[in-house]
Amino acid sequence: MTAISESGPSGFPPGYFLITSTATGRVLDVGGQAIDDGAELILWPSKEVSLVQSRRSPEADNQVFFVDDSGALCSRSSGHAIDIDHDRLVLRHRKPASFAHPFPKFSYHQELGEINVKFDGDPTRNMYILTSVPLRKPKSFIDDASQFLTTNIRTPFASLFGGVDTNSTPEQMTSAGVDLAEDEVLEEERGEEGEIDDSPDEKREIHMLTIPHQRPWNLAEKAKLRRRFEIIPLRTASKRTTGITV
C-alpha cells in the first residue's frame, strides 16, 4: 500500500480512501455494515486487496471514507457523517438545522500519522486524537492465579509505606482502591503488559483521547504507535508499471 501523496485542507486526500491503523494493521470499519444513527465504528481486517474502485466489492464500502463539501468525514456505504459520542466514533444522520449540532472536524497530520478531532465552539485548549485499543487474549487459570498472588502480596507492603506501589499495573491499582480515568489507563498507566495485543478476535476498538492543554505525556513506543494511522487513497484506474498492471 502507498501513503497519500496529495491532500486537501483536512490532510485527507480528495475522493475515497481507507484509514489503516499502524499498530493493528486493521482498517476503520462501520461495524456490521450498519447504517443506523449511532452505529459504532471499529477497526477490522481489510475486506479487499485491490485499491482500484472498479475492482472492489460494494460489500467493502463500509471500510471506505471521504470528506464532504462541509468538511465532515463520511462513510461511503451510507453517506452519513462520522460523529463522536462518549469518545467513540459513530455514524450520525443529518438532521434539520434547528436540531443538528456541528459535526466534529477530523484532520490528518501526514508527518506524524495522527488523526486529530476539533469541535466548533470548544472553549478548552485541549487536544483530541484518535487511538487504537489493544486487546489481550483471555487469561488462563494460571495467569489469574499469578496475578492474584502478585496483587495480594505487593499491595499490602506498599500500603505500609503510605500508598500504592508505583510499579503496580492498572488492575492492581484498581484493586487497591485507586480510580484511574480511562485516558490515564490507556496512555500513561497501561505499562508493557497492558500494551499486549494478542487476542485472536478480529475486532479492535478505536477511541478518541482527550489530552489536556500543556499536560506532559511520557508515552511508550507502543502507545505512540497506537496513535498512528495511514491514509490509503483509492484509485479510479489501474497503474501500469513496466507492462504490469497493479
**Complete:** In region 59-75, residues that are touching a residue at least 60 places away in the same chain (Cβ under 8 Å) and surrounded by fewer than 20 Cβ atoms within 10 Å (Cβ to Cβ) total 1
**Item:** Filter pass, residue 25 being part of a helix (DSSP H, G or I) and not polar (S, T, N, Q)
**Value:** no
**Asked** Looking at residue 25, is it at pLDDT 95 or above and surrounded by fewer than 15 Cβ atoms within 10 Å (Cβ to Cβ)?
**Response** yes
**Complete:** Quick count over region 43-76, residues being in contact with a helix residue (DSSP H, G or I) (Cβ under 7 Å, 6 or more places away or on another chain), within 26 Å of residue 120 (Cβ to Cβ) and not basic (Lys, Arg), is 1
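Residue 39: crowded, with 17+ Cβ neighbours inside 10 Å, assigned by TED's automatic domain parsing to the domain that holds residue 224 and at pLDDT below 95, yes or no? Full working, then the answer.
Working: crowded, with 17+ Cβ neighbours inside 10 Å: yes; assigned by TED's automatic domain parsing to the domain that holds residue 224: yes; at pLDDT below 95: no.
So residue 39 fails the test.
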**Request:** Please enumerate the residues belonging to region 188-216 that are touching a strand residue (DSSP E or B) at 6+ places or on another chain (Cβ under 9 Å), at pLDDT below 90 and surrounded by 13 or more Cβ atoms within 10 Å (Cβ to Cβ).
**Result:** 211
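The values are calculated or read from the model by the stated rules, or taken from the named source; none is laboratory data. The shown structure was predicted, so the numbers you read here are calculated from the model rather than taken from an experiment. Note: ideal-geometry Cβ built from the backbone for every residue, glycine included; neighbour counts use all protein chains shown.
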